1. Treating only the Cβ atoms of Lys and Arg (+1) and Asp and Glu (-1) as charged, compute the dipole magnitude of the chain about its Cα centre; round to the nearest 20 debye.
2. For the chain, list the cysteines whose Cβ sits under 4.7 Å from no other cysteine Cβ?
3. For the chain, what proportion of DSSP beta bridges, expressed in % and rounded to the nearest 5, is antiparallel?
4. When only C-alpha pairs under 8 Å and at least 6 residues apart count, what is the relative contact order of the chain, in percent?
5. Which of Asp110, Asp128, Asp59 has the fewest other C-beta atoms within 10 Å, and how do the rest follow up to the most?
6. So for the stretch 112-207, if I pair up every lysine 8 or more residues apart or on another chain, how many of those pairs have alpha-carbons under 17 Å apart?
7. Describe numerically, in nm with one decimal, the distance between label points set 7 Å from Cα along Cα→Cβ at Thr123 and at Gln204.
8. Please report the spacing between the Cα centers of the stretch 99-144 and the stretch 40-69 in Å, no decimals.
Amino acid sequence: METLQKKEHWENIYGTKQANEVSWFQQYPKTSMEFIELFSLHKDSKIIDIGGGDSHFVDALLEKGFENITVLDISATAIEKAKARLGQRAENVWWIVADITEFEPEEKYDFWHDRAAFHFLTTEEQADKYVEIANKGIAIGGHLVLGTFSENGPKKCSGLDIKQYSEVSMSAKFEKYFKRIKCITEDHQTPFNTIQNFMFCSFQKEN
C-alpha cells in the first residue's frame with residue numbers, strides 16, 4: 001500500500017470512529033507506563049510516540065509531569081482529535097503528521113515508544129527502513145519499546161494485514177543497533193470484549 005493510500009485509510013478510520021470504537025483503545029496504557037518506570041526517565045527526557053494518533057499515552061505522560069513529548073502519526077485527523085481532547089495541554093506537546101517510513105528525525109530521543117504501528121510494516125524493506133530511522137532518531141543509551149501482535153494475536157487490524165512477532169523475531173530485527181532488555185506478552189481486552197495477544201519488547205541503543 002502506497003503512502004497516500006495508507007494516509008487515506010487512516011484518515012477514514014479516525015474520521016468515522018470514536019476513540020472507543022477501535023480495537024486498540026486503552027483508557028490507560030498500563031504496560032507502556034510500566035516501561036517508562038522501568039527506565040527511570042527524567043521529566044525532561046525526550047519521548048516520542050510513533051503512531052500515537054488518538055492514544056491516551058500522551059495524557060498519561062503529561063499527568064506524570066513529562067515535559068518533552070512528541071507524537072507522530074500518519075493521520076492529521078487523529079492528531080487533531082488528540083489535541084481537542086487535551087485542550088490547552090496540547091500546547092506542551094510536539095505534533096508531527098508523517099508516515100514513519102518517511103520520517104527524518106531532527107532530534108535524538110531518549111525513549112521511542114510504538115504500540116501497534118510497527119506491525120503494519122509487512123515487508124522486510126519497510127521494517128528494515130523503520131529500524132534505520134529508529135537508529136538515527138534514538139540517542140546512545142536511549143530506549144525503544146515496541147508493542148506488536150504476537151504469534152498468538154490477530155493477523156489483521158482495521159482491515160489491513162499485519163506482521164506478527166515473537167521475542168526471537170523482534171529481537172533479530174533490531175539486533176543490529178539495539179540490545180534487548182525485556183520482553184513480555186500481554187492480553188489486551190478490546191472495547192468489544194475480545195482479546196488480542198501483544199508482544200512487547202524493550203531495547204537499548206548501544207552505539
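1. Working: 24 positive and 33 negative charges, 68 e Å.
Rounded to the nearest 20 debye, it is 320 debye.
2. For the chain, the answer is Cys157, because their Cβ atoms have no other cysteine Cβ under 4.7 Å.
3. Values: 20 of 40 bridges.
Taking every DSSP beta bridge within the chain, about 50 percent pair in antiparallel fashion.
4. Values: 376 pairs, mean separation 38.7, N = 207.
Relative contact order, the chain: 19 percent.
5. Numbers: Asp110 20, Asp128 13, Asp59 16.
Sorted ascending by nearby Cβ count, the order is Asp128, Asp59, Asp110.
6. 15
7. A separation of 3.6 nm, rounded to one decimal place.
8. 16 Å
A short reminder: the numbers here are calculations on the coordinates, not readings from a lab. Bear in mind the structure is a predicted one, so any value in this text is a computation, not a measurement. Cβ atoms come from the backbone with ideal geometry, glycine included; neighbour counts cover every protein chain shown.
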